[in-house]
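The values are calculated or read from the model by the stated rules, or taken from the named source; none is laboratory data. Note that the structure is predicted; figures quoted are calculated from it, not measured. Glycine also receives a Cβ, built like all others from the backbone with ideal geometry; neighbour counts cover every protein chain displayed. Remember, those area values only see protein heavy atoms, side chains included, never the ligands or the DNA or RNA. Shrake-Rupley method; radii C 1.70, N 1.55, O 1.52, S 1.80 Å.
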Amino acid sequence: MQQIVMQGGTALHGRVEVSGAKNAALPLMAAALLTESPCDITNMPDLGDIRTFSMLLRQFGAHVEALGSGKMRIQARSFASVEAPYDLVKTMRASVLVLGPLVARCGQARVSLPGGCAIGARPIDQHLEGIRALGADITLDHGYVYARAQRLRGADIHLRMPTVTGTENLMMAAALAAGRSRIHPAAREPEVVCLAEVLTCMGARVTGAGTDTIEIEGVSCLQPFQCTVIPDRIEAGTFAIAAAITGGKVEVAHCRPGHLEAVIQQLRAVGVRVEADDSTLYVERRGLLRPVNITTTPYPGFPTDMQAQMMALMTLARGTSIIRETVFENRFMHVAELRRMGAQIDVRGNTARVHGQDALTGAQLMATDLRASAGLILAGLAAQGETVVSRMYHLDRGYEHIEKKLVALGAKIWRQG
Ligand code: EPZ
């Protein structure tokens with residue numbers, strides 16, 4: 001099992017380029033199922049989840065070709081299968097994103113229920129209720145969702161919460177439905193807006209993306225698309241905190257600072273200097289870190305996918321920070337690992353009180369999920385001595401060549417095993 005080892009204490013300096021966003025690329029790959037013509041996607045990140053999704057599409061009979069330099073061509077001319085098997089879905093919950101496109105394009109789909117996840121129960125009831133509202137007949141059978149519909153028809157869909165992949169699934173289904181659909185409260189994440197732009201290029205009429213109400217006028221046939229994956233705002237935020245936690249100075253390039261306003265605001269509040277232009281963050285920390293209170297919420301609030309990284313930073317603040325996690329019910333798995341490094345953190349329900357210390361000490365740690373592993377890497381970069389983090393497969397699902405990028409900024413970090 002691969003581990004990442006790092007010798008902490010080096011202030012990071014230099015320029016790092018952000019890759020395409022995993023959480024934007026996955027729904028775009030699913031959208032290619034909506035047309036029989038070839039679709040081209042550029043700025044594709046080289047990640048475990050992208051490879052898993054490619055396997056999933058291939059087993060439907062789609063042609064998926066990596067053309068090099070982050071370019072991918074997907075063509076789903078016809079379908080040999082409409083089943084998303086448990087073996088693939090259990091490794092990546094985002095596989096559920098094929099449900100909407102398959103029902104809309106093929107009139108049926110058989111998708112394994114994702115099952116539990118380290119950060120929470122993560123049911124897909126809102127996806128199913130939405131697809132049902134669009135006229136599909138849905139049954140659950142032996143751990144699989146089986147959905148059928150002659151042709152979906154437009155509907156008014158009220159969601160219990162602004163689910164990200166739920167909104168994306170329903171947008172894709174509604175794009176081929178007869179008539180108009182309305183999704184409310186819709187997720188407002190930049191990845192949802194990116195998908196809406198692509199569906200519009202394909203010929204569907206999508207309005208309101210980025211607001212809490214999205215309307216889609218469906219069409220009978222969609223055109224192919226060429227598009228570029230937006231930069232990964234979570235990777236950009238992670239590198240900004242890498243500069244802050246090591247007391248360094250880093251240019252985070254090829255990103256969209258406008259997608260990170262809530263994170264930038266909090267970094268400035270703790271005393272980190274952050275300047276930005278259209279595509280680059282300039283991050284520098286000189287003085288002490290101030291404590292801050294953070295509550296994770298759906299976009300444009302503070303992203304839950306940055307919570308572990310921000311907690312790692314607050315373990316070194318002068319005072320007590322309060323971090324409330326309101327999106328997922330079990331997203332403090334990194335706390336016990338940070339405590340092994342000497343962090344002082346009390347957790348009660350969905351609230352963590354982080355009592356800042358002068359220093360962390362290196363230790364052997366275990367990653368439990370993608371963003372927790374990023375938080376542990378950041379803590380290890382700041383800690384005294386050596387830190388070893390196991391189960392790095394979590395990290396490789398969502399960060400492209402992270403240790404190479406960190407080494408280029410001066411970090412002492414390597415892989416073993
Ligand atoms: C997306 O997950 C992201 N994944 C997650 O990123 C991210 O943490 C999350 O949005 C929140 O920002 C992708 O885009 C592939 P949700 P998603 O549905 O869509 C509950 C990462 O690290 N809910 O918005 O699965 C759910 O349990 C990953 O890159 C229901 O109850 O998240 C959660 O508490 C982790 N029923 C809340 O809503 C439903 O049908 C928000 O989840 C759907 C969701």
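Results, tabulated for the structure shown:
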quantity	calculated
Within the chain: Cβ-based charge dipole about Cα centre, in debye rounded to nearest 20 (Lys, Arg +1; Asp, Glu -1)	460
Backbone N under 17 Å from the VAL347 label point (7 Å along Cα→Cβ), restricted to segment 377-417	377, 379
Total formal charge among the other residues, if their Cβ is under 11 angstrom from that of GLU168, Lys/Arg +1 and Asp/Glu -1	-2
Surface accessible to a 1.4 Å probe, GLU217 within the full protein complex, Å²	50
Simple spin-label estimate for GLN364 and GLU386 in nanometres, 7 Å along Cα-Cβ	1.1
DSSP beta bridge pairing in the chain, given as percent antiparallel to the nearest 5	70
Gyration tensor (alpha-carbon) shape descriptor, segment 137-178, a/c threshold 1.5	oblate
Ranked order, GLU329, GLU403, GLU235 - accessible area, probe 1.4 Å, largest first	GLU329, GLU403, GLU235
Calculated over segment 8-86: convex hull of Cα atoms, volume per residue (Å³)	112
Length gained when the stretch GLU197-ASP125 is fully extended (0.36 nm per residue, less Cα-Cα span)	23.3 nm
Listed pairs LYS71/LYS412; LYS71/LYS404; LYS90/LYS405 exceeding 26 Å between Cα atoms	LYS71/LYS412; LYS90/LYS405
R0 of 35 Å, Cβ-Cβ distance ASP141-HIS401: FRET efficiency to nearest 0.05	0.25
Paramagnetic label zone (point 7 Å from Cα along Cα-to-C-beta, HIS13; backbone N under 13 Å) in segment 373-417	409-411
At most 14 other Cβ within 10 Å, DSSP loop - trypsin sites (Lys or Arg not before Pro), segment 251-294	ARG286
Antiparallel content of DSSP bridges confined to segment 118-194, in %, to 5	55
Whole-number percent relative contact order across the chain, with pairs defined as alpha carbons under 8 Å at least 6 apart	21
Environment charge of GLU191, counting only residues whose C-beta is closer than 14 Å and scoring Lys/Arg +1, Asp/Glu -1	-3
DSSP bridge pairs, segment 294-383: antiparallel proportion in percent, nearest 5	70
Cα gyration tensor shape of segment 345-388, rounded if a/c is under 1.5, else prolate or oblate by comparing a/b with b/c	oblate
Range of Cα positions in segment 181-289 per principal axis (Å), largest first	59, 28, 18
Sequence of THR213, THR35 from largest to smallest accessible area, 1.4 Å probe	THR213, THR35
Nearest-0.05 FRET efficiency for ARG205 and THR42, computed from C-beta distance (R0 25 Å)	0.50
Overall form of segment 1-147 per C-alpha gyration tensor (a/c, 1.5; a/b vs b/c)	oblate
Extension gain, ARG180 back to ARG339 (0.36 nm per residue minus Cα-Cα distance, nm)	52.1 nm
More than 22 Å apart - percent of Cα-Cα pairs taken over segment 139-211	24
Kirkwood-Stokes translational diffusion coefficient of the chain, alpha-carbon pairs, 25 °C, 0.890 mPa s, µm²/s	113
Rounded accessible area of HIS334 (nearest 10 Å², 1.4 Å probe)	10
Accessible area of HIS158 in the full protein assembly, 1.4 Å probe (Å², nearest 10)	120
Around SER78: net Lys/Arg minus Asp/Glu count, Cβ-Cβ under 14 Å	+2
Alpha-carbon centroid distance for the pair segment 320-346 / segment 62-104, whole angstrom	35
Listed residues ARG105, ARG324, ARG233, ARG340 arranged by accessible area, highest first, probe 1.4 Å	ARG340, ARG324, ARG105, ARG233
Computed FRET value (nearest 0.05) for THR320 with ARG273, which takes r as the C-beta separation and R₀ as 30 Å	0.85
